[in-house]
Amino acid sequence: MGAYVGTILCLIVINFLVPRLMPGDPIDALVAQSSETFMFGDDSRASLEAYYGIDRPLPQQFGHYLVQLGRGDLGRSIATNAPVRDELARRLPWTLLLIGTSLVLATAVGLLAGVHSGWRRGRTMDRILLVALLAVREFPPFLLGSLLLVVFAVKLDWLPLFGGETPFSSSYSFFERIVDVGQHLLLPALVLTVGLAAGTFLLMRAGMVSELGADHLLLGRAKGLRERTLKYRYAARNALLPVVSLTALQLGFVVTGDVLIERVFAYPGLGGLIFDSIRARDYPTIQGAFLLVAISVVSFNALADVLYRRLDPRTAA
Amino acid sequence: MSNHSLLEVDQLRVRFGGEVDAVRSVSFTLEAGDSLAIVGESGSGKSTLALCLLGLIQPPEASGRVRLAGQEMLGQSAAVLRSRRWSTAALALQGSPFNPVVRVGDQVAEPLRDRRGASRSEARRRAGELAAEVALDPALLDRYPHQLSGGERRRASLAMTLALDPALVILDEPTAGLDPASRAELVERIRALTEQRGFALIVISHDLPDAARLAARTIVFYAGTAIEDGVTARVMLEPAHPYSWALINAFPVMSTVKDLRPIRGVPPDPRAVPSGCAFHPRCTRADDRCTELRPELAESRGRLVACHFGGLKDLLVATNVAKTFRGAGHDVHALCGVSLAVHEGESVGVIGPSGSGKSTLARILAGHLAPDSGRVLLGDTALPTSWRGGTAKQLRRRIQLVMQDPIDALSPRLTVEQLVREPLDVGRDGEPDERGRVVADMLERVGLPSSGSFLSARPHELSGGQLQRVALARALVMRPKVLVADEPTAMLDASEQARLLVILRERQVEMGLGLVLVSHDMALVRKMVDRIVVLDGGEIVEEGSSEQVSLRPASITARRLVEAAPALIATSVRVHPTAPIDEWSSR
């Protein structure tokens with residue numbers, strides 16, 4: 001438990017420093033000549049800096065940030081002036097929906113395909129799955145996303161082109177809204193899923209293949225157990241263990257993928273927010289979003305550890 | 001269902017990846033209730049054989065026939081295989097593997113649930129009963145495999161094999177890695193189970209004592225094939241195949257008093273099993289037939305042996321040898337009808353007090369003295385009374401004598417090189433310039449310098465120990481098959497004696513020498529030899545294995561020799577004619 005808290009404390013420091021190490025600052029972005037809020041003059045710039053408190057020395061800023069954080073206040077966005085917490089709260093459900101769906105789908109598909117492929121290693125089905133999943137994985141996600149959009153949204157017009165839901169859909173019935181959200185979710189979730197599923201698939205397959213040579217499986221065969229028992233209770237059950245750790249680790253990478261995918265599909269989740277806030281050097285928003293991501297990843301790993309301990313009696317204390 | 005054997009294995013072969021010959025043509029049958037041990041070095045294919053018996057290795061790797069209760073197991077459908085596995089024959093794999101994520105009890109009862117559709121509670125109850133049968137604490141059934149000790153895992157594994165009440169139980173290294181106490185306990189438990197349940201047992205082990213206690217019949221495995229097959233007591237006590245003999249000699253048992261002897265060479269690589277008899281590169285008596293023709297199991301000395309010579313044969317046999325020295329006034333009956341046999345690679349100690357006829361026997365065995373009656377056979381040929389003629393010369397080089405006092409035995413006028421080389425020159429053995437190398441090589445082998453001034457030294461310049469080793473080199477340079485050594489260390493100090501004996505032992509393993517060691521020193525002889533013959537008044541008064549004669553001597557002569565044997569503290573060696581041998585440590 002201490003390790004997790006320590007990790008989060010380190011991340012708070014890094015979260016604070018890294019945005020400020022990037023070239024440029026939020027005022028530059030705010031007063032960009034091309035922007036509508038363009039203002040000229042060092043005076044106004046200085047007053048803006050003073051207003052957002054970024055003219056003070058870093059340690060002081062950090063102290064202020066910590067005090068704020070202690071109160072549960074994430075500050076206000078420099079770019080939009082809205083409270084960061086509200087912005088995150090508004091966008092988080094969308095990302096949870098997207099990432100959650102993808103992770104669940106990817107894990108399910110990867111596991112099933114991996115179990116099947118590994119158990120029947122070298123057979124036709126195994127080869128097809130191996131080639132297909134590897135090929136899809138090597139395909140750049142944003143390209144795949146754009147491609148899918150062109151085909152399904154533009155050409156065929158079966159699915160919506162962008163967003164998380166149809167604008168002004170509040171008049172829809174509950175059921176209609178679910179269908180609407182589902183339609184918007186389908187393509188981005190699909191792109192994210194294929195990228196993730198391949199990793200799970202490969203690890204599960206490799207685990208199954210090495211289980212094929214395990215002595216306890218040989219024993220199970222000698223015992224004349226049913227094929228199903230051998231496949232799931234002996235091989236898959238043991239091959240599953242590393243996959244649990246991998247899935248937790250993957251969450252970090254999912255966020256990276258999520259940022260790209262949300263851009264491509266103009267999805268209203270955290271990914272878009274992170275992208276925008278980095279462009280605007282919007283320190284409070286960057287800090288807030290990354291802190292949320294960090295805490296999620298760490299808690300997910302903690303959860304995986306607990307799960308692993310339940311799955312593998314050997315690691316139980 | 002009645003007139004076939006429980007298990008019939010016929011010409012079973014297993015070849016992995018087209019190049020690794022794990023099992024090379026094995027045939028045997030096993031009747032219900034029989035017990036069989038399969039012994040051999042690691043990597044000899046024993047475990048692979050076990051897997052084949054349950055059809056766990058299938059064509060194309062496996063070929064031949066394996067019939068389990070009349071049902072062919074090779075090339076059979078998965079459903080048929082499943083129906084036979086565990087219920088007809090159950091196998092405890094080497095190392096007792098378990099599924100690490102499933103509780104032990106669930107695994108013990110798993111066949112009941114999965115195969116017989118038993119309910120969870122019924123399976124649990126049966127698992128508890130089985131655990132009790134193998135003396136495993138039923139509380140352990142709720143644990144995971146990693147929480148059990150090695151011995152507990154072995155027991156759980158054994159309990160598991162009994163789940164479906166099989167007619168045949170195969171145990172692969174059931175006691176490997178256990179401490180001696182739990183090992184003995186487990187062996188007793190297995191014995192008791194075989195008696196109570198009456199299942200047939202195949203125990204695969206490299207541990208000979210365990211195998212001997214568990215099985216009435218033993219098959220010795222070498223390079224994936226059976227090389228000896230017979231009643232356990234016979235195979236273990238009088239092994240016939242040179243490999244069995246070497247294997248059993250290499251194994252320390254509590255009663256072993258002699259030094260351990262490794263088998264020369266290394267076990268064969270299953271990728272490149274030697275042609276002909278697979279043991280021929282390590283065998284000291286192999287000839288052309290052995291390198292070309294593969295021997296089949298054939299009846300010899302009351303068991304089956306796969307050896308072109310029918311197993312070890314006696315190399316030197318003396319029958320009813322008598323010798324009387326006629327002196328002025330009275331005759332000395334040095335030997336009155338002594339019979340003795342030495343087989344290839346064996347060491348026999350001839351021990352007796354002064355005047356018992358030891359040295360006379362040694363000289364007669366070496367062919368240096370003709371007996372009055374009786375005869376001495378070397379191989380199949382009687383030792384001639386004269387050493388003239390080609391055959392006699394050939395025979396002479398096969399048997400050599402090392403005497404008590406090297407100063408008497410070696411000519412003082414010759415140099416070291418000349419002394420060792422002389423037999424080669426006399427026998428016109430090899431090219432003259434090659435002889436020099438042979439001499440140098442042999443000097444090295446007996447631990448002497450092989451170049452420089454040492455070669456031109458003369459006997460008086462050498463120490464007694466060096467001189468005796470020169471004498472040994474002179475004897476061995478002819479590559480004899482039998483060496484008779486008459487008190488070879490009598491003139492040496494303890495350190496030189498130890499050195500000479502170690503060299504002698506090494507050369508013996510290397511060359512497969514038959515050794516007759518004549519001495520009055522029981523402490524020394526029992527470390528060196530397999531068998532001891534006690535001589536007194538020209539007659540053999542006792543004969544037996546070295547541990548038997550040295551620890552439980554039956555004759556008065558032997559007891560006196562044991563009591564007279566060197567001891568640092570006078571009371572350190574006691575003689576217990578009836579005490580169990582386990583009380584004695586080997587050293």
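The values are calculated or read from the model by the stated rules, or taken from the named source; none is laboratory data. Just so you know, these numbers come straight off a predicted model, no measurement behind them. We place every Cβ from the backbone using ideal geometry, glycine too, and count neighbours over all the protein chains shown.
Residue-wise test of (1) of a type in the set (Asp, Glu); (2) touching a Gly at 6+ places or on another chain (Cβ under 7 Å); (3) closer than 30 Å to B:Glu506 by Cβ.
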{"position": "B:Glu173", "(1), (2), (3)": "yes, no, no"}
{"position": "B:Glu188", "(1), (2), (3)": "yes, no, no"}
{"position": "B:Ser205", "(1), (2), (3)": "no, no, yes"}
{"position": "B:Ala211", "(1), (2), (3)": "no, no, yes"}
{"position": "B:Val220", "(1), (2), (3)": "no, yes, yes"}
{"position": "B:Ile227", "(1), (2), (3)": "no, no, yes"}
{"position": "B:Ala233", "(1), (2), (3)": "no, no, no"}
{"position": "B:Leu237", "(1), (2), (3)": "no, no, yes"}
{"position": "B:His241", "(1), (2), (3)": "no, yes, yes"}
Pair list, Cβ < 9 Å and 6+ apart or interchain, from segment B:61-84 residues that are facing chain A (nearest Cβ under 10 Å) to residues that are assigned to a loop (DSSP other than H, G, I, E, B) and of a type in the set (A, V, I, L, M): B:Leu81/B:Leu54; B:Leu81/B:Leu56; B:Leu81/B:Met73; B:Arg82/A:Leu225; B:Arg84/B:Leu54; B:Arg84/B:Ala69; B:Arg84/B:Met73
Residue within segment A:283-291 that is under 30 Å from B:Thr88 (Cα atoms) and crowded, with 22+ Cβ neighbours inside 10 Å present: no
B:Gly150, sole failed condition from (1) out of contact with any strand residue (DSSP E or B) (no Cβ under 8 Å at 6 or more places or on another chain); (2) more than 14 Å from chain A (Cβ to nearest Cβ); (3) buried (at least 18 other Cβ atoms within 10 Å of the Cβ); (4) closer than 21 Å to B:His206 by Cα: (3)
3 or more residues basic (Lys, Arg): qualifying helices (runs of 4 or more DSSP H) within segment B:344-426: B:390-398
Selection from segment A:77-116 of residues that are touching a helix residue (DSSP H, G or I) at 6+ places or on another chain (Cβ under 6 Å) and either basic (Lys, Arg) or at positive phi (or both): A:Arg91
Flag for A:Val254 being part of a helix (DSSP H, G or I), touching a Leu at 6+ places or on another chain (Cβ under 6 Å) and either crowded, with 18+ Cβ neighbours inside 10 Å or acidic (Asp, Glu) (or both): no
Matching residues in segment B:440-463 - criterion: being assigned to a helix (DSSP H, G or I), touching a residue at least 24 places away in the same chain (Cβ under 8 Å) and either over 18 Å from B:Leu500 (Cα atoms) or in contact with a Gly (Cβ under 9 Å, 6 or more places away or on another chain) (or both): B:Phe454, B:Leu455, B:Ser456, B:His460
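Conditions (1) at pLDDT 80 or above; (2) surrounded by 12 or more Cβ atoms within 10 Å (Cβ to Cβ), marked per residue:
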residue	(1), (2)
A:Thr7	yes, yes
A:Arg20	yes, yes
A:Asp28	no, yes
A:Ser34	no, no
A:Phe38	no, no
A:Asp43	no, no
Yes/no for B:Val484 being under 34 Å from the mean Cα position of the chain (by Cα) and in the same structural domain as B:Val529 (by TED's automatic domain parsing): yes
Flag for B:Ala341 being in a loop (DSSP other than H, G, I, E, B), free of Cβ contacts under 8 Å to residues at least 40 places away in the same chain and out of contact with any Cys (no Cβ under 9 Å at 6 or more places or on another chain): no
Subset of segment B:108-162 [under 18 Å from B:Ala176 (Cβ atoms) and of a type in the set (Val, Ile, Thr)]: B:Val134, B:Thr161
A:Ser245 vs. criteria surrounded by fewer than 21 Cβ atoms within 10 Å (Cβ to Cβ), in contact with a helix residue (DSSP H, G or I) (Cβ under 8 Å, 6 or more places away or on another chain) and either away from every other protein chain (no Cβ under 14 Å) or of a type in the set (A, V, I, L, M, F, W, C) (or both): yes
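Listed here are the residues, each with its yes/no results for (1) in contact (Cβ under 8 Å) with a residue 12 or more places away in the chain; (2) away from chain A (no Cβ under 11 Å).
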{"residue": "B:Asn99", "(1), (2)": "yes, no"}
{"residue": "B:Glu110", "(1), (2)": "yes, no"}
{"residue": "B:Ala139", "(1), (2)": "no, yes"}
{"residue": "B:Ala167", "(1), (2)": "yes, yes"}
{"residue": "B:Glu188", "(1), (2)": "no, yes"}
Matching residues in segment B:190-242 - criterion: being assigned to a strand (DSSP E or B) and aliphatic (A, V, I, L, M): B:Ala200, B:Leu201, B:Ile202, B:Val203, B:Ile204, B:Ile219, B:Val220, B:Ala226, B:Ile227, B:Val231
Some residue of segment A:93-112 being over 19 Å from A:Phe253 (Cα atoms), of a type in the set (A, V, I, L, M) and either assigned by TED's automatic domain parsing to the domain that holds A:Ala248 or in contact (Cβ under 8 Å) with a residue 60 or more places away in the chain (or both): yes
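Condition check ((1) crowded, with 16+ Cβ neighbours inside 10 Å; (2) out of contact with any Lys or Arg (no Cβ under 8 Å at 6 or more places or on another chain)) across all residues:
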position	(1), (2)
B:Leu410	yes, no
B:Arg413	no, no
B:Glu422	yes, no
B:Gly427	no, no
B:Leu448	yes, no
B:Ser451	no, yes
B:Glu461	no, yes
All positions within segment A:216-242 that are more than 8 Å from chain B (Cβ to nearest Cβ) and hydroxyl-bearing (Ser, Thr, Tyr): A:Tyr232
Residue in segment A:200-215 that is surrounded by fewer than 20 Cβ atoms within 10 Å (Cβ to Cβ) and at the interface with chain B (Cβ under 7 Å from one of its Cβ atoms) present: yes
Whichever residue in segment B:112-127 is more than 12 Å from B:Leu162 (Cα to Cα) and not charged (D, E, K, R) and, among such residues, is farthest from the other protein chains (Cβ to nearest Cβ): B:Ser121
